[in-house]
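Below is one structure, written out as structure tokens, with a few remarks after it.
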Amino acid sequence: MALPRTKLLHGREVGTLAGLLALCAALWVATPHFATVSNLVNVVEQSAIIGIVAVGMTFVILTGGIDLSVGSIVALSGVALGTAHEAGLPIAAAAAVGLTVGLACGLGNGALITLGRLPPFIATLGMMSVARGIALMLSDGRPISGYPASFRALATGHVLGIPFPVILMLAIYAVAHFLLTRTLLGRYTYAIGGNEEASALSGINVRAYKAAAYAIAGLLSAVTSMLLVARLNSAQPIAGIMYELDAIAAVVIGGTSLLGGSGTVIGTLIGALIMGVLRNGLNLLGVSSYLQQVAIGSVIIVAVLVDMMLRRRARRAAE
Amino acid sequence: MIPSASEPHPRPPEPIVLRMFGIRKAFPGVVALDGVDLEVRAGEVHVLLGENGAGKSTLMKVLSGAHAMDAGRIELAGSEVAISGPRHARDLGIGIIYQELALVPDLSAAENVFLGREPRRGPGLVDRGAMVAASRRILQTLGASFDPGLPVRVLSIAQRQLVEVARALSLEARILVMDEPTSALTERETGALFATIRRLTSQGVAVIYISHRLDEIFEIGDRVTVLRDGRRVATREVDGADRRELVRLMADREIDERVPRPAARRGDELLRVEGLGRHGVLHDVSFRVHAGEIVGFAGLLGSGRTEVARAIFGIDPHDAGRVFMRGRPARISSPRDAIRAGIGLLTEDRKRQGLVLELSIRENIVLPVLGSMSRFGIVSRRMERERASKHAAGLRIKTPSLEQVVLNLSGGNQQKVVLAKWLACEVDVLILDEPTRGIDVGSKQEVYQLIHRLASEGVGIVLISSELPEIVGLADRILVMRAGRVVAELSGDEASQESVLAHAVGA
């Protein structure tokens with residue numbers, strides 16, 4: 001709920017956090033390999049990829065929309081970077097090209113949805129296919145490999161023992177939290193998701209702020225692709241497949257309403273960590289990858305069921 | 001509405017069809033019903049009267065099985081029943097017509113009447129012919145002439161209500177509950193509905209009628225039960241009941257139901273509209289609003305009053321005419337432009353168009369002016385709090401804190417939040433579209449006082465209202481609309497409810 005968002009954590013996040021801690025406690029008991037420093041750092045690092053994509057997804061879902069194209073944008077931004085680098089651009093400029101492409105895809109989504117009045121599901125479904133197709137065309141379906149060590153440090157570097165992707169992820173969450181709680185952009189995002197018509201009638205430029213949410217999602221997909229390329233030393237046109245679903249899962253597990261208007265990035269961070277811990281734990285326990293899918297799907301369903309039950313109760317109490 | 005002297009209808013005391021004793025219902029934090037008794041006779045129109053939150057709707061939800069009561073007893077025709085749910089209530093002959101109609105818009109009227117109980121013609125096959133014929137028969141007894149094969153979507157609200165009534169009758173309802181059925185009806189439709197109600201009561205159906213409108217009670221009611229704070233305070237015969245007494249019983253304080261007329265104090269011209277038109281909707285609408293002036297827009301539903309407001313505020317496009325603010329042409333193509341030009345619009349549907357229910361009172365109040373309280377896109381919380389509390393304080397919004405989510409407030413308090421929003425905006429011209437719809441008597445008075453205060457501070461007010469006493473009492477000038485045109489302009493002194501109504505209906 002959108003009660004005082006000034007506090008870092010409130011009711012719903014506390015519940016999600018309790019879920020995360022319970023999961024960690026269970027794994028700690030179940031396997032000696034879970035609660036080691038190196039494994040925990042590894043889990044958080046693994047979560048950074050989906051975690052960053054999920055921040056953009058949170059903005060989009062808060063406006064009442066959905067973005068199915070984030071995974072394809074991850075691939076296209078990476079391939080754009082690779083192509084630019086291969087063509088002789090210095091790596092910094094190539095990275096700028098990649099980020100610009102991601103932002104442009106997001107703005108394209110925003111324009112289709114606000115100016116073209118397409119439902120977000122359709123607009124981003126189309127973008128999902130278009131961006132993937134362009135990534136495959138540009139790269140001829142092959143990975144583009146070989147980047148300078150300075151760039152690869154993005155994924156491999158550490159500061160005070162903390163992997164750089166984790167620091168980047170936390171920084172992005174901090175900025176997103178600030179944007180959502182303290183700025184016009186944030187307030188309007190909640191207002192539009194809560195009641196688009198009332199927002200427009202209050203003089204809010206609904207189109208601009210809705211498009212901004214998709215632009216943020218596109219840009220953060222591109223940031224994610226930088227991390228992926230740096231980690232693999234290779235830009236792959238088939239990168240990011242199914243990321244949209246993992247990101248949506250992190251957002252809804254984190255308590256953001258798919259109807260828009262309520263939720264926080266803190267919740268999303270916890271949601272992303274739950275997904276990461278679950279995957280890691282199941283791997284450590286030697287659960288087959290088939291069964292893992294069943295487990296993860298079940299967690300998503302249960303999390304949303306519980307969330308909706310709580311919401312209904314809150315609404316009934318209000319009436 | 002003309003409060004006509006209702007014709008005498010002498011009636012022997014009819015048998016009692018419904019008795020509710022000591023009904024109690026508590027929700028977390030609030031006792032909604034605290035031992036309410038109600039007794040309803042066959043063939044009577046029994047009015048339930050009370051402010052918002054008095055318990056009328058809760059009582060009816062208990063009767064219809066939507067809420068389980070915590071304590072109490074219900075007798076139907078003398079024998080005790082334990083109503084287990086909506087379906088059971090329906091089987092017991094209790095029909096409810098809610099304020100927000102519960103029809104499926106894309107199904108036909110006949111399909112709606114028989115929804116869930118379609119006449120069969122073999123397994124899984126619906127007997128359409130029988131369904132349409134039966135619906136037509138019922139609708140005809142209600143005096144309706146439209147084709148029951150038409151989808152509900154194309155029917156007027158009054159016709160939809162008839163579909164609801166027909167559905168209740170097809171279930172052989174002996175007790176029919178109507179929750180503010182006239183709130184969206186025109187005068188003529190209201191008349192037709194009352195005729196339907198009289199027809200039903202003459203057949204022995206008991207009608208429990210919930211309304212805020214005192215005039216209606218005298219027109220249609222036989223007896224009236226007043227609820228206040230979850231208790232029954234009185235039951236009276238409508239004949240011989242006194243209007244002021246009823247208001248006092250509802251509110252437990254003397255409220256002047258009449259609206260005091262403000263002294264005229266016209267300042268400079270603020271808003272000028274010239275020849276506003278939109279094909280098929282508005283024709284050549286012109287008027288001026290001066291500082292400190294209250295300009296009333298009267299007219300039946302669908303006469304174009306709301307459409308004028310929407311066109312000026314930049315929601316709907318217009319294809320003719322110009323709008324001036326303080327003598328300068330104002331180019332308005334969106335609500336943003338309108339607010340920038342100094343115009344505010346309080347819409348008639350506060351939940352859908354006025355509020356973001358999941359945001360707090362503070363966040364709702366400052367929504368239109370947030371931009372002016374931010375630097376580099378970062379909102380100043382201090383300025384926000386100051387502005388919100390300044391405008392909330394003057395309106396006496398009943399809440400422990402401005403951080404309360406608007407969803408949890410009563411209708412009257414929600415409306416005050418929307419008003420506070422436009423006060424915080426400090427607009428020059430404020431258009432109020434049905435500002436007192438669905439709010440209780442006490443809140444209404446506060447809204448009236450606020451309108452006066454704004455006018456005395458030099459704001460130009462455009463007041464759109466279906467409540468004739470309200471518009472006649474408040475406005476300095478009244479423009480009457482009919483079929484998209486302004487058909488009369490009356491000064492506040494010469495206007496009476498009768499004269500306004502006569503222009504509105506074209507008499």
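Listing for the model above:
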item	result
Distance between the range B:165-197 and the range A:177-203 - C-alpha centres, whole angstrom	41
Rg/Rh for the protein assembly as shown, where both radii come from Cα atoms and Rh is the Kirkwood radius	1.03
Enclosed volume per residue, in Å³, of the convex hull spanned by Cα atoms of the range B:269-505	118
Label point distance in nm, B:Leu115-B:Glu245, each placed 7 Å from Cα along Cα→Cβ	4.2
Distance-filtered residues of the range A:161-181 - backbone nitrogen under 18 Å, label point 7 angstrom along A:Thr36 Cα→Cβ	A:162-163
Cα gyration tensor category, rounded, prolate or oblate, for the range A:11-311 with a/c compared to 1.5	oblate
Phi-based couplings in Hz for the range B:87-95 (Karplus 6.51, -1.76, 1.60; Gly and Pro marked x)	5, 5, 4, 4, 5, 7, x, 10, x
Nearby lysines by direct alpha-carbon distance to B:Lys25 (threshold 30 angstrom, same-chain neighbours under 8 apart not counted)	B:Lys56, B:Lys61, B:Lys351, B:Lys398, B:Lys416, B:Lys444
Hits among aspartates and glutamates - C-alpha to C-alpha of A:Lys210 under 15 Å, sequence gap 8 or more where chains match	A:Asp67, A:Glu196, A:Glu197
Alpha carbon Rg of the range B:42-172, scaled by the compact-globule rule 2.2 N^0.38 Å	1.18
Cα-derived Rg over Rh, computed across the range B:96-162 with Rh taken as Kirkwood radius	0.97
Fraction of the pair-distance distribution of the range B:16-251 above 22 Å, Cα-Cα pairs, percent	53
Over the range A:12-103, volume per residue of the alpha carbon convex hull, in Å³	142
Chain B: DSSP helices with Cα axial extent of at least 15 Å and average Kyte-Doolittle hydropathy no lower than -1.0	B:128-141, B:157-170, B:187-202, B:411-425, B:441-456
Least to most buried among B:His452, B:His46 (fewest other Cβ within 10 Å first)	B:His452, B:His46
Sequence-distant residues sharing a close amide H with B:Gly296 (under 5 Å, placed H)	B:Leu463, B:Asp476, B:Arg477, B:Ile478, B:Leu479
Order of A:Met57, A:Met137, A:Met169 - criterion: other Cβ atoms within 10 Å of each residue's Cβ, fewest first	A:Met137, A:Met169, A:Met57
For chain B, alpha-carbon Rg over 2.2 N^0.38 Å	1.04
Shielding of B:329-335 by partner chains, average beta-carbon count, 10 Å	2
Taking B:Met131, B:Met178 and counting other C-beta atoms within 10 Å, the order from fewest to most	B:Met131, B:Met178
Length-normalised contact order of the range B:16-251 in % [C-alpha pairs under 8 Å, at least 6 apart]	29
Environment charge at B:Met383 (Cβ cut-off 11 Å; Lys +1, Arg +1, Asp -1, Glu -1)	+4
Relative frequency of Cα-Cα separations exceeding 18 Å in the range B:408-507, percent	50
Length-normalised contact order for the range B:269-505 - Cα pairs under 8 Å, 6+ apart - percent	29
Counted charge near A:Val60, where neighbours are those whose Cβ lies closer than 12 Å (Asp, Glu -1; Lys, Arg +1)	-1
Karplus-derived HN-Hα couplings along the range A:127-133 (A = 6.51, B = -1.76, C = 1.60, θ = phi - 60°), whole Hz, x at Gly and Pro	4, 4, 6, 4, 5, 4, x
Additional length obtainable on full extension of the chain from B:Lys390 to B:Ser145, 0.36 nm per residue less Cα span	82.7 nm
Relative contact order of chain B, defined on C-alpha pairs under 8 angstrom at six or more residues apart (%)	15
Sites B:Val154 and A:Leu259, calculated FRET efficiency, Cβ-Cβ separation with R0 25 Å, nearest 0.05	0.30
Nearest-0.05 FRET efficiency for A:Ile238 and B:Ala77, computed from C-beta distance (R0 51 Å)	0.10
Kirkwood-based shape ratio for the range A:212-319, expressed as Rg/Rh from alpha carbons	1.04
Sum of side-chain charges, A:Met128 neighbourhood, beta-carbon under 10 Å (Lys, Arg +1; Asp, Glu -1)	-1
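Since every read-out is calculated from the coordinates, none of them should be taken as a lab result. Here the structure is a predicted model, which means the values were calculated and not measured. Glycine also receives a Cβ, built like all others from the backbone with ideal geometry; neighbour counts cover every protein chain displayed.
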